[in-house]
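A quick write-up on the structure given underneath.
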Amino acid sequence: MDQLTQYAWIGALVFARLGSVIMLAPGWGENATPARFRLAAGVLITAILAPALASKAPPMPPSTGGVIALVAMEVLTGIILGVGARLLFSAVQVAGAIMGLASGLGFAQQVDPLMNQTSAIFSAFLSLMGVVLVMATGLHNVLIAGVASSYDLFPVGGFPPIGDSVEFVTDTVATAFTLGLQIAAPVLIFSVVFNIGLGFASRLIPQVQMYLVAMPASVLLGTAVIALGLGGGLMVWLAAMEREVRLFGAT
């Protein structure tokens, strides 16, 4: 009975961290993903990881307060890891917003099937594309492996270092914005060159209604530039996602 209780305790600790990550992580934690599926996946993965992590788990505290404190620490650690992955995933949404503004479709809205709300058309498209890439390339499995390796960096029962956690989140936000700009760089450069040329043309030919001519051309050419450069930008983002996820337990 004592062994069964200890195994259940280890499973509870693993599920507390893993469940927090699954609640927030890309692919696993989307609003479109059924809650029952996330719960079943968390329980199944916990059953797989618990025996391997049993040696790293402390014994069950004798008091209820100690149990709650350890579980709360694991939930907090999982939230930090999940938020980091979610923030890096937001790079595609940043890129979508920039692409919309640069191409003239910034005000075009559509329903985002992942968030169940309206958003910019390119942001919704790239969010869906990002989830497809995460699941198709197996990055969601790499994320689970990173969580398993995170026990070397964040031992069970230890309070996550506040300074390192804040630095981790700050660096992740900066990386997300940088990646978003890199993905949207082709259409952003096109927008700058196009608008400069449009300004010269309006000065040279003031009789022409430049807005009526430029708006369709901006949408058409901007969409073409996005189509040409999107593949390379998403590959850069995917490589950065995999690198960051592997760092969960690397240092």
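Of note:
- Checked against the criterion of being of a type in the set (S, T, N, Q) and open to solvent by less than 80 Å² (accessible area, probe 1.4 Å), region 207-214 contains not a single residue that satisfies it.
- When ALA201 is tested against (1) open to solvent by less than 40 Å² (accessible area, probe 1.4 Å); (2) in contact (Cβ under 8 Å) with a residue 24 or more places away in the chain; (3) of a type outside the set (Phe, Trp, Tyr), only condition (2) is not met.
- Within region 18-37, the set of residues being surrounded by 15 or more Cβ atoms within 10 Å (Cβ to Cβ), over 14 Å from VAL131 (Cβ atoms) and not aliphatic (A, V, I, L, M) comprises GLY19, SER20.
- Selection status of ILE121, farther than 22 Å from VAL173 by Cα and either at pLDDT 80 or above or of a type in the set (S, T, N, Q) (or both): yes
- Region 150-188, residues that are of a type in the set (Val, Ile, Thr), assigned to a helix (DSSP H, G or I) and either open to solvent by less than 30 Å² (accessible area, probe 1.4 Å) or touching a strand residue (DSSP E or B) at 6+ places or on another chain (Cβ under 9 Å) (or both): THR172, ILE183, VAL187
- Selection status of GLY96, modelled with pLDDT of 85 or more, buried (at least 18 other Cβ atoms within 10 Å of the Cβ) and not hydrophobic (A, V, I, L, M, F, W, C): yes
- If the condition is being over 21 Å from LEU44 (Cβ atoms) and in contact (Cβ under 8 Å) with a residue 12 or more places away in the chain, then region 138-162 contributes ASP152, LEU153, PHE154, PRO155, GLY157, GLY158, PHE159, PRO160.
- Screening LEU4 on (1) in a helix (DSSP H, G or I); (2) at pLDDT below 85; (3) closer than 29 Å to ILE162 by Cβ shows it passes everything except condition (3).
The values are calculated or read from the model by the stated rules, or taken from the named source; none is laboratory data. All figures in this text were calculated on a predicted structure; none of them were measured in a lab. Because the Cβ atoms are built from the backbone with ideal geometry, glycine has one as well, and the counts that use them run over all protein chains shown. Remember, those area values only see protein heavy atoms, side chains included, never the ligands or the DNA or RNA. Shrake-Rupley method; radii C 1.70, N 1.55, O 1.52, S 1.80 Å.
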